[in-house]
1. Expressed as a whole number of Å, what is the distance separating the alpha-carbon centroids of segment B:66-130 and segment B:163-229?
2. If one puts a single equal scatterer on every Cα of chain B and applies the Debye formula without solvent, what log₁₀ I(q)/I(0) results at q = 0.10, 0.12 Å⁻¹?
3. Gaussian network model of chain B, Cα springs within a sub-10 Å range: biggest mean-square fluctuation belongs to which of B:235, B:161, B:222?
4. Can you give me the P(r) profile for segment A:146-194? Cα pairs, bins 10 angstrom wide beginning at 0, each as a whole percent.
5. When you look at the Cβ of every residue in A:75-84, what mean number of other chain Cβ atoms sits within 10 Å?
6. According to the square roots a ≥ b ≥ c of the eigenvalues of the Cα gyration tensor, what is the shape class of segment A:17-65, taking rounded for a/c under 1.5, prolate for a/b larger than b/c otherwise, and oblate for the remainder?
7. Where does the Debye-calculated log10 I(q)/I(0) of segment A:64-141 sit at q = 0.15, 0.20 Å⁻¹, using only Cα point scatterers of equal weight, no solvent?
8. Let me know the mean shielding of B:86-96 by other chains, meaning the per-residue number of their Cβ atoms within 10 Å of its Cβ.
């Protein structure tokens, strides 16, 4: 690994993103917009908005970074830039960490804007610190990024990559405990949700937003998120081949 | 058939590329059937043959990005694909492999940082490929020929000892083509080895040596003049046809 190359890669990814102002606008505007809709929809049930809204602030970056990363990496594969990079003195980790730095930076901005709107304008209240929510959001963004990097290897077209969102992200959202508490789900669904990284992301966020702190259980959740991120990055590195058939 | 391709009158030196019994399969089909040849350093070698004859596969194998079935490939004294070679080889794929949403200069700046070369090289290579006026334009807005030159510039950045160029002059206007061949010649003179593919026989004229390919086999490795003398044809196109007929008899 080489800090110069990692850093150059992060800057390159951010420059590419800057060239696409519409995507930036969507990245920043959509989460607050959805939260505003949620508040409106639960006009007569503000408790549900309070219960669901907090964790959602920290879960948005997971799904956005998943899509953005899988498309970006797919483009690297289809335009031949990945093959070029693999023929250059660049370590696979330089590329993956470069992506990580760039998308973490985007996640910080996205989560900050979303929290500012949620906590400042929409009246969302959480028991814990909003900074902790933002920090968890950035962690979840990295989790979404590494998952996106990995699954992009299985997509040949951008259509396929986009379809991975409902296929891989939605089940995790449905079962993570956000909509229905996990102890009220069928046993088999609980077991499935145990294997899904987003479950731990939700639990950690829920701890901060309802109990006010991570607690010992929350520390474990964060460890699982970090472990899953690293594992997925390792899988992602395996899909980056110097030699192809 | 195996001989060292070397410029007229030069001494025998260790080859820049040495390939032996190279077999490559793609999509379950054997596409290179046991090729062998070598390329002398400081030469421009043309890899010529019709579309689909295996030129790109051979180049990929030499660069070390192709999974090979069997055979031996030595590049600059190291096995092809060795990590140490990555900074010493420049490879330009047929389709421009640069970032379409970055400007010419931003692309070069990124690859210069990856290679660890100085800023002055960025301006020099922009000059070499004659893209000064477009330097701050986004590559996606350039013409096909211009983006191909961005891709070429990227490979020139690190002043590689071996340049592998897959159809670098396709779709370029004659003036630019002439200038690029002059640039290739200049690079060879300064010691670099160039392997340049083309499916147009007239390009062969610019090369010291030719590797003539057809259907995954090597028909001949010789200089343009040798080819003309041996086949008794003045036009290289005709000479190539004569070779094929000779092979089929």
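Each reported figure results from applying straightforward, stated rules to the coordinates on display, with no laboratory input. Because the structure is predicted, anything quoted here is derived from the model rather than measured. Note: ideal-geometry Cβ built from the backbone for every residue, glycine included; neighbour counts use all protein chains shown.
1. 19
2. Those come out to -0.47, -0.68, one per q.
3. B:235
4. Using 10 Å bins, I get a P(r) of 25, 39, 27, 9 for segment A:146-194.
5. 5
6. oblate
7. One equal scatterer on each Cα of segment A:64-141 leads to -0.63, -0.88.
8. If you average over the peptide's residues, the count of other-chain Cβ atoms is 3.
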